[in-house]
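The values are calculated or read from the model by the stated rules, or taken from the named source; none is laboratory data. Please read all numbers here as calculations on a predicted model, not as lab measurements. Using ideal geometry, Cβ is built from the backbone for each residue, glycine included, and neighbour counts are taken over all protein chains shown.
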Amino acid sequence: MNLKTGTMVATLAMAASAANAADADHGKALFVECASCHTLSAGGDGVGPGLKGLFGRKAGSLEDFRYSAGMRRSNITWNAQTLDAYLTDPQKEVPGNRMPYSGMPSASDRADLIAYLQAATK
């Protein structure tokens with residue numbers, strides 16, 4: 001491979017990586033729908049639990065929120081992969097959970113929302 005070809009390959013790889021990168025700004029816009037039930041703060045004072053400290057937290061573990069039995073038994077620890085699976089189809093991932101949400105079919109939308117949540121819930 002000559003220098004010109006190598007530069008072209010590197011440029012294409014960087015462009016593909018950027019195209020696949022999650023867009024946290026778009027995720028923030030998507031969160032508007034979630035915000036009707038969830039806050040980015042700690043605590044379970046809303047319709048849904050607060051999301052502060054979500055990543056690394058065991059599902060159903062906030063003391064001040066009344067979770068469904070399904071969520072308490074789920075044995076999920078929230079990370080990007082478990083949240084992605086849950087947001088795809090919450091009822092399939094945690095049967096009997098009370099979240100009235102049918103799921104987010106777009107993988108890129110889920111990635112964007114998760115990128116936003118990772119930054120916003122630290």
Top-ranked residue of the stretch 3-48 - restricted to ones that are surrounded by fewer than 10 Cβ atoms within 10 Å (Cβ to Cβ) and modelled with pLDDT under 50, ranked as farthest from S106 (Cα to Cα)
L3
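Yes/no per residue for (1) in a helix (DSSP H, G or I); (2) under 13 Å from the mean Cα position of the chain (by Cα); (3) under 21 Å from A24 (Cα atoms):
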{"position": "R72", "(1), (2), (3)": "yes, no, no"}
{"position": "D84", "(1), (2), (3)": "yes, yes, yes"}
{"position": "G96", "(1), (2), (3)": "no, no, no"}
{"position": "S108", "(1), (2), (3)": "yes, yes, yes"}
{"position": "A111", "(1), (2), (3)": "yes, yes, yes"}
{"position": "I114", "(1), (2), (3)": "yes, yes, yes"}
When the stretch 83-121 is checked residue by residue, the ones that are of a type in the set (D, E) and closer than 20 Å to A69 by Cα are D89, E93
Go through (1) surrounded by 12 or more Cβ atoms within 10 Å (Cβ to Cβ); (2) more than 21 Å from A21 (Cα to Cα); (3) among the basic types (K, R) and name the single condition R110 misses.
(2)
F65: passes all of (1) of a type outside the set (D, E, K, R); (2) in a loop (DSSP other than H, G, I, E, B); (3) exposed (fewer than 14 other Cβ atoms within 10 Å of the Cβ) but (3)
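Q91 - would you say it is within 10 Å of the chain's Cα centre (by Cα), assigned to a helix (DSSP H, G or I), surrounded by fewer than 17 Cβ atoms within 10 Å (Cβ to Cβ) and at pLDDT 95 or above? Steps first, answer last, please.
Details: within 10 Å of the chain's Cα centre (by Cα): no; assigned to a helix (DSSP H, G or I): yes; surrounded by fewer than 17 Cβ atoms within 10 Å (Cβ to Cβ): yes; at pLDDT 95 or above: yes.
So Q91 does not fit the description; no.
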Residue check, F31 against (1) farther than 15 Å from A120 by Cβ; (2) in a helix (DSSP H, G or I); (3) of a type in the set (F, W, Y), all met but one. Which one?
(1)
Please work out if D84 is over 18 Å from M99 (Cα atoms) and acidic (D, E).
no
Name the residue, out of A29, A42, A22, that is of a type outside the set (S, T, N, Q) and in contact with a Lys or Arg (Cβ under 6 Å, 6 or more places away or on another chain).
A42
